[in-house]
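Notes follow the structure.
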Amino acid sequence: MDRKTGIDLGTSHLRVCVKGRGLVYDEPTAAAFNTDGELTDHGGRAYRMLGKDPPGRDVVRPLSGGVISNFEDCVELLSAVMTKTGVRGILSRPKTAISVPYGITEVECNAFENVCVAASGGHDVFMLIKQPMAAAIGCGVDVLGTRGRLICDIGGGNIQTSVILYKGIVAAGMARVGGDQLDEAIVRYVKDSYNVAIGRRTAENIKIQIGSAHRLTEHGDLAVSGRNLLTGQVVRALLRSSEIREAMAPVLETLTDQIKSVLEKIPPQLSADVYESGMTLCGGTANLPGIDLMLQEKLGMTVKVTESPELAVIRGTEKILGAAGELLEVVSAGEDYQ
Ligand SMILES: Nc1ncnc2c1ncn2[C@@H]1O[C@H](COP(=O)(O)OP(=O)(O)OP(=O)(O)O)[C@@H](O)[C@H]1O
Ligand SMILES: [Mg+2]
């Protein structure tokens, strides 16, 4: 039996859906290997060991900046997930479709396809999907319409901004900046201001607990443990929401500039459409409180965060699996895509 399976292989999360079954996997893109190189854990279990150096385990995140940085580890991870979710079994042959980010190189794009082929036991990938199209469809945007629509997906490792009009992407841009860089900014800040070393998972937790992109959404403070770099002892630092916002500000500025650079590329008539309808924001980083307010102020247009923004691409992918005809042509990543 053939199963139509859709994959969103992200820097931060791996999400898999199956036509007729919906979302079957949604876990961090992480894997743990033993000293023989065998995969022992994946997803949340592996992610929780990250940065702790567990004995006899090598814990990895095989993507960085939105692209595959370790091909073999990615194949192992995806094939374990396909087996676990029953997508690949003795009687089932997956027909996979994978979404690929906008603006990556041909080599990087091929790696996404080849990972899928290898992980599904040598079966063909029936479609490479343009990720901004999947995101737009997942946000409920009419990609066949004649009004320009602005979509921005800010994930863990990259930001993709695109203007979609009448079946195509008319302007787009990508930068390898996302939630990971916000976490890194927090690590640096705590080190520079408190002389305390924290791991990037702690930094991500700080961002999620008290992070904010706008002063109106600052909330609370958080005590975190880390190692004092001068004494070597474990100490606690009390962090305020406002200082975390300041620590993240340069990265938020870079994200804003990336969106502006795409807006600068479009003709005035299309700008009118876009400014009238506003921007739709998706990707996990869209969950950061106040990011909509901040962008609204800096771009001078309304910004709407879509529901469960981290799921936009996989939601769109699932709809594409059930689609036929014209829509498939529109979303399929052709040679002109990179
Ligand atoms: N409540 C929250 N506040 C701030 N950031 C959040 C929140 N929830 C999730 N994130 C961040 O969202 C990011 C993950 O988003 P997403 O799942 O869209 O990424 P991805 O698709 O795996 O990555 P990419 O598309 O960049 O390769 C992580 O950096 C995570 O810390
Ligand atoms: Mg993504």
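What follows is calculated from the coordinates using simple rules that are stated; it is not laboratory data. This one's a predicted model, so the numbers in the text were calculated from it and none came from an experiment. Here Cβ is always computed from backbone atoms with ideal geometry, including for glycine, and neighbour counts include all displayed protein chains.
Based solely on its DSSP helices, what 222 nm [θ] is calculated for the chain when runs of n ≥ 4 H residues each add -39,500 (n - 2.57) and the sum is averaged over all residues, nearest 500 deg cm²/dmol?
-11500 deg cm²/dmol
So what are the ³J(HN,Hα) numbers for region 274-279, from phi and the Karplus equation (6.51, -1.76, 1.60; θ = phi - 60°), rounded to whole Hz, Gly and Pro as x?
Per-residue couplings from phi come out as 5, 5, 6, 8, x, 10 Hz.
Once amide H atoms are placed 1.01 Å from N in the peptide plane, what residues at a sequence separation of 5 or more from Ala30, or on another chain, have their amide H within under 5 Å of its amide H?
Gly43
What lysines sit close enough to Lys95 to cross-link, taking a C-alpha to C-alpha distance under 16 Å and skipping anything fewer than 8 places away on the same chain?
Within the straight-line limit of under 16 Å, Lys95 reaches these lysines: Lys4, Lys19, Lys319.
Show me the GluC sites (Glu not before Pro) within region 213-302 that DSSP assigns to loop and that have at most 10 other Cβ atoms within 10 Å of their Cβ.
Passing both the DSSP loop test and the Cβ count: Glu264.
Under a point-charge model restricted to the Cβ atoms of Lys and Arg (+1) and Asp and Glu (-1), what is the dipole moment magnitude of the chain relative to its Cα centre, in debye to the nearest 20?
Roughly 700 debye for the chain.
Taking every DSSP beta bridge that has both residues in the chain, what percent is antiparallel when rounded to the nearest 5?
Antiparallel: roughly 70 percent of the beta bridges in the chain.
Among the aspartates and glutamates, which fall within straight-line cross-link reach of Lys260, defined as a Cα-Cα distance under 18 Å, with same-chain neighbours fewer than 8 residues apart omitted?
Asp153, Asp273, Glu276, Asp292, Glu297
What lysines sit close enough to Lys265 to cross-link, taking a C-alpha to C-alpha distance under 29 Å and skipping anything fewer than 8 places away on the same chain?
Leaving aside lysines fewer than 8 places away in the same chain, those within reach of Lys265 are Lys130, Lys167, Lys298, Lys304.
In percent, what relative contact order does region 179-248 have, based on Cα pairs under 8 Å that are 6 or more apart in sequence?
Rounded, it is 32 percent for region 179-248.
Quote the relative contact order of the chain in percent (integer), defining contacts as alpha-carbon pairs under 8 Å separated by 6+ residues.
RCO, the chain: 19 percent.
Could you tell me how far the Cα centroid of region 86-164 sits from the Cα centroid of region 44-79, in Å?
Cα centres, region 44-79 to region 86-164: 21 Å.
Starting with the highest mean, order 205-211, 223-229, 267-273, 256-262 by the number of other Cβ atoms within 10 Å, averaged over the residues of each peptide.
Answer by packing, highest mean first, reads 205-211, 256-262, 223-229, 267-273.
What residues qualify as long-range amide H neighbours of Met279, i.e. H under 5 Å apart, gap of 5 or more or another chain, H built at 1.01 Å from N?
Residues meeting the criterion, in which the H sits 1.01 Å from N, are Thr302, Val303, Lys304.
Once the dipole of the chain is set up with Lys and Arg at +1 and Asp and Glu at -1 on Cβ about the Cα centre, which of Thr105, Ile291, Leu263 lies farthest towards its positive end?
Ranked along the dipole, the leading option is Ile291.
In angstroms, what radius of gyration and Dmax does region 179-248 have, counting Cα atoms only?
Calculated on Cα positions, Rg and Dmax stand at 11.3, 37 Å.
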